[in-house]
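Engineer: Can you keep this structure in mind? I'll have questions shortly.
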Amino acid sequence: MMDQRGEWTRSARQGLIGGLVLILIALIGMIDAFTKRVIVAGLLDLSQATWLGIILLTGYLSAARSEDRDADGGVRRMITRGAFAGVIVGASACVFVAIGRELDLSWIFDKARPRLFDLLALDAWLQDVSGTDLRPWWALAVLSLAAVLGALGAVLALMPQPVRAGIERGLSGVIVLGTMQDLLIKTDWIKNKPFVREGIYETLFERNGLSPLGATIVFVFMFGLALVWPRGRAAYDRVKHYRTAKRAGRPVITSRHVGIALGAIFLIWFPFGFGNLWTDVFDTVGIYILMGLGLNIVVGFAGLLDLGYVAFFAIGAYTVGVLTSTDSEAELLVGLGFWQALPFAILMGIVAGVVLGVPVLKTHGDYLAIITLGFGEIIRVLAISDLMKPIMGGAQGVTEIPKPYDVGRLELPMLGSLEPTNQQALYYLILALCVVAVYITWRMRNSRIGRAWMALREDENVAEAMGINLVQTKLLAFATGAAFASVAGALFAVKLQSIYPASFGLLVSINVLVLIIVGGMASIPGVFVGALALVGLPELLREFEDFRLLLYGAVLVFMMLKRPEGLWPATIVKRELGRDIHGEALP
Amino acid sequence: MAGRGLGPASLEVRSVTKRFGGLTAVDDLTLSIPAGSIHSVIGPNGAGKTTLFNCITGFYAPDGGSIVLAGTHALHNLRSDQITRLGVARTYQNIRLFPQLTAIENVLVGLHGRLTSGLFGILVNSAKTRREEAWATAEAHDLLEYVGLSGKGDGLANNLPYGDQRRLEMARALATDPRLLLLDEPTAGMNTGETAKMIDFIRRLRDDRGLTVLLIEHDMKLVMEISEGISVIDFGQKIAEGTPEAVQADPRVIEAYLGRGAAEVLRVLRIDRTPSADGMDP
């Protein structure tokens, strides 16, 4: 027999947590900021989606964590409890609104303005949806809505897995497309192709947000997609590598190869289809991917926690900046081209990696982290110092860094002539260097060097007793990581055309570290996923920018608790943690 | 790439001393192990057996004395990776696998020193690298099969059952192509049946692979059955040495294990020559 009282208490607790989360994000201004993103025209904007989503999620969790399912009448009880949890969230919000409307809280919380309470009371929304003025009974309306949504959440949790995955995908598809609307309309592909604009775009979207019909289409499409293509099927398999290596045979084309080919075509077409805004964001993402791949070698493979990784990024940027700057007022004028300066940048990075590596050879874990942290700061302080001012320009930085290319008209067979813009040329440069970096990482990982790194991560003493030269292996990891970061720095310098010490703070190191943790330690696709999620999304959705660090914190805590293996873990880790391809825990 | 084919190596430990602060863990210890033999080091807990192993394999640098492999290679000034490349491999008292690597990757790490692909060859995936990787993978599979783990190569080392982890550690040690194998309590935690199998396995290993085997072991049945020579150490010093029979009869050995006067008591009670593992090791 289930402990019924315990279950109800738990649901109440979940409801309270949900309510507190809602109040918290309202007070820091997220709800307010999100009203500008309309998801479905006339129906739902992002702030309302967040508000209602929290209730739905609370109901879902109250049922998903329950063990009541197989008991007599358990299903009915679980749905009731979902509604109950939802009502608790709603009630917390109502109490908050009532207090906020009576007392002026804005002298403590500067976001607690009347507008916020109107948003939380869902005044405008309830009127739009119901067509009547519900304001006198707002509390009742909110509570009944919360009960319905909480119960729906519980029902969702009770559905069979494929249906649930489909609904999850469908809802996220609608939310993602809705929030991205103004970015989509800025893409050249949609703007300039009448067929796409009139045929597809205008069916799905209204002036602001998805049309109700469009939302339905997206939902059904994503739902169907989830049924035919379960999550995580395409993950790379390290194990398979060794298994297939034994029986050599003709190479076979698998769905993975097709996926890679499609991805490659998309990435090459991307700057022409999506236009400058997106290309610019992807340039930044690409620079972070390069850094992520490098740090992934140092931290993910070799297990050397490096918190001063930004130092190598800065070294690459400054080397290229100083060597190529055309600023006639600078005291040092070298005037090399980008391609002449790049080898120097890589070389400087490698030298710096070794210089940092030698003194820390004997240190591990926390000590290593602190030393590298210091190293990162040393480089930044040097850049800003009077000592290096003649070369590195002090706080004024290095300016007038020329673009790395001068592409004219390209005559391509079959495709006709192309005239890539600077933006596009930079994108291809970054893409090409990312491909090279992935290739290097991939080759190294599946070699004796990669295995030596991983052995080092697992147990340094035993690794040495296996005949691995610790000094060489560690220095190679530091040097490779540093080389990747200095290439990223070089690209950063020519992308912005001017660099300042302020761009090379500790936060860059932390961003890169967080992105590989979120993506999945020691996973190459994980670096891409992590960079897209943590660098790409905030760049695209500017109102998130203010909450970036908060989101990082929340995401990190969530990842550590719920998905310590990362979003796209190295397959072996995923398998051994007992998840099947649907991401469900196996019995 | 292939085995070095040099056959078993002898080991000379001469006057080795290792101190930790005021404690002398190994005290002027001299051992001589002939090539191709199975030799055991026994002694009460804390006698310095594992410290001796750590000195031989380069985990600790001895404070004095010399260690010579096969009469020619001085080991006492080398790092442990260099010692491994000369043909010394070991297993650990408390298993130390690479837990987050798969079983086969563990063995492949053991093969590291026998592979020679350089950075450039790896990056361009040269024919030599491909050949070497194919050889290494096949060799790793063979080694897993040899220790009885065929088909278990793809699981994380951490998730293997205890006995399999011991075997995997053996396979990983064998992968370095040793001439001298140091086994630190290979039967710890095993039942009688498993211990009997281990005795056969160690013999087979020595004969198949051309090894000298140096054992630390508390299971006296195993020690007496398998060893061709036994050294007994206590407080870092060697107190007895010889064939199993000679060592068993030595009163200093019995004293070291059971305390002063125990030899006398045993003789009076005529319970000689049957010391059991349970009585000796708490």
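Engineer: Restricting the count to DSSP beta bridges whose residues both fall in the protein assembly as shown, what percent are antiparallel, rounded to a multiple of 5?
Structural biologist: Taking every DSSP beta bridge within the protein assembly as shown, about 60 percent pair in antiparallel fashion.
Engineer: Charges at C-beta only: +1 for Lys and Arg, -1 for Asp and Glu. How large is the resulting dipole of the protein assembly as shown about its Cα centre, in Debye rounded to 20?
Structural biologist: Using only the charged Cβ atoms, the result is roughly 1400 debye.
Engineer: I've got another one for you. Give me the distance between the Cα centres of region B:113-134 and region A:34-106, rounded to whole Å.
Structural biologist: 58
Engineer: Between rounded, prolate and oblate, where does region A:527-570 land on the alpha carbon gyration tensor, with a ≥ b ≥ c its root eigenvalues, rounded for a/c under 1.5, else prolate if a/b exceeds b/c?
Structural biologist: Values: a/c = 3.95, a/b = 1.44, b/c = 2.74.
Oblate.
Engineer: Report, in debye and to the nearest 20, how large the dipole of region A:84-159 comes out about its Cα centre when Lys and Arg carry +1 and Asp and Glu carry -1 on their Cβ.
Structural biologist: Around 100 debye, computed over region A:84-159.
Engineer: Mind listing P(r) for region A:465-547? All alpha-carbon pairs, 10 Å bins, whole percents.
Structural biologist: For region A:465-547, the pair-distance distribution reads 14, 36, 35, 11, 4, 0.
Engineer: Moving on. When the Karplus curve 6.51 cos²θ - 1.76 cosθ + 1.60 is applied with θ = phi - 60°, which whole-Hz ³J(HN,Hα) does each residue of region B:24-29 get, with x for Gly and Pro?
Structural biologist: Going residue by residue, I get 9, 6, 10, 10, 6, 8 Hz, with x marking Gly and Pro.
Engineer: Another question, then. Would you kindly calculate the translational diffusion coefficient of chain B, applying Stokes-Einstein with the Kirkwood radius from alpha carbon pairs, for 4 °C and a viscosity of 1.567 mPa s, and quote it in µm² s⁻¹ without decimals?
Structural biologist: Taking Rh from Cα pairs, D becomes 65 µm²/s.
Engineer: A follow-up question, please. Could you list, bin by bin from short to long, the percent of Cα-Cα pairs of region B:104-192 in 5 Å steps?
Structural biologist: 3, 14, 22, 20, 17, 12, 7, 3, 2, 1, 0
Engineer: Here's a follow-up. Angle between the Cα long axis of helix A:161-179 and the longest principal axis of chain A, 0 to 90 degrees, nearest 10?
Structural biologist: 70
Engineer: Of B:Q100, B:I122, B:H39, which is farthest towards the positive pole of region B:1-151's charge dipole, taken about the Cα centre with +1 and -1 on the beta-carbons of Lys, Arg and Asp, Glu respectively?
Structural biologist: After comparing all options, I get B:I122.
Engineer: Related question: Between region A:457-508 and region A:319-338, how far is it from one alpha carbon centroid to the other, in angstrom?
Structural biologist: Distance between centres, Cα-based: 25 Å.
Engineer: Between helix A:506-519 and chain A, what is the angle of the helix's C-alpha long axis to the longest principal axis, kept within 0 to 90° and rounded to the nearest 10?
Structural biologist: 60
Engineer: In addition: What's the angle, to the nearest 10 degrees (0 to 90), between helix A:310-324's Cα axis and the longest principal axis of chain A?
Structural biologist: On a 0 to 90 degree scale, this one is about 50.
Engineer: For region A:270-349, what does the alpha-carbon gyration tensor say about shape, rounded, prolate or oblate, given a ≥ b ≥ c as the root eigenvalues, a/c under 1.5 as rounded, and a/b over b/c as prolate?
Structural biologist: Verdict is oblate for region A:270-349.
Engineer: Assuming R0 = 60 Å, can you tell me the calculated FRET efficiency for the pair B:V124 and A:K389, based on Cβ-Cβ distance, to the nearest 0.05? Don't skip to the answer; put the middle values down first.
Structural biologist: Working: r = 43 Å, r/R0 = 0.72.
Calculated transfer efficiency: 0.90.
Engineer: Write down the percent of antiparallel bridges among all DSSP beta bridges whose residues are both part of chain B, to the nearest 5.
Structural biologist: 55
Engineer: A further question follows. Is the C-alpha gyration tensor of chain A telling us rounded, prolate or oblate? Criteria: a/c under 1.5 is rounded; beyond that, a/b larger than b/c is prolate, otherwise oblate.
Structural biologist: prolate
Engineer: With unit charges on the beta carbon (Lys/Arg positive, Asp/Glu negative), name the residue among B:T17, B:P186, B:L86 whose Cα is farthest towards the positive pole of the charge dipole of chain B.
Structural biologist: The Cα lying farthest towards the positive end belongs to B:L86.
Engineer: Of A:K474/B:K128; A:K403/A:K474; B:K152/B:K197; A:K186/A:K495; A:K111/A:K495; A:K36/A:K186, which pairs sit farther than 26 Å apart, going by alpha carbon to alpha carbon?
Structural biologist: From A:K474/B:K128; A:K403/A:K474; B:K152/B:K197; A:K186/A:K495; A:K111/A:K495; A:K36/A:K186, over 26 Å: A:K403/A:K474; A:K111/A:K495.
Engineer: Restrict the search to region A:1-86; then list the trypsin sites (Lys or Arg not before Pro) that DSSP places in a loop and that have at most 16 other Cβ atoms within 10 Å of their Cβ.
Structural biologist: When the trypsin sites (Lys or Arg not before Pro) of region A:1-86 are filtered for loop state and at most 16 Cβ neighbours within 10 Å, A:K36, A:R65, A:R69 remain.
Since every read-out is calculated from the coordinates, none of them should be taken as a lab result. Keep in mind that what you see is a predicted model, and the values were worked out from it rather than measured. Note: ideal-geometry Cβ built from the backbone for every residue, glycine included; neighbour counts use all protein chains shown.
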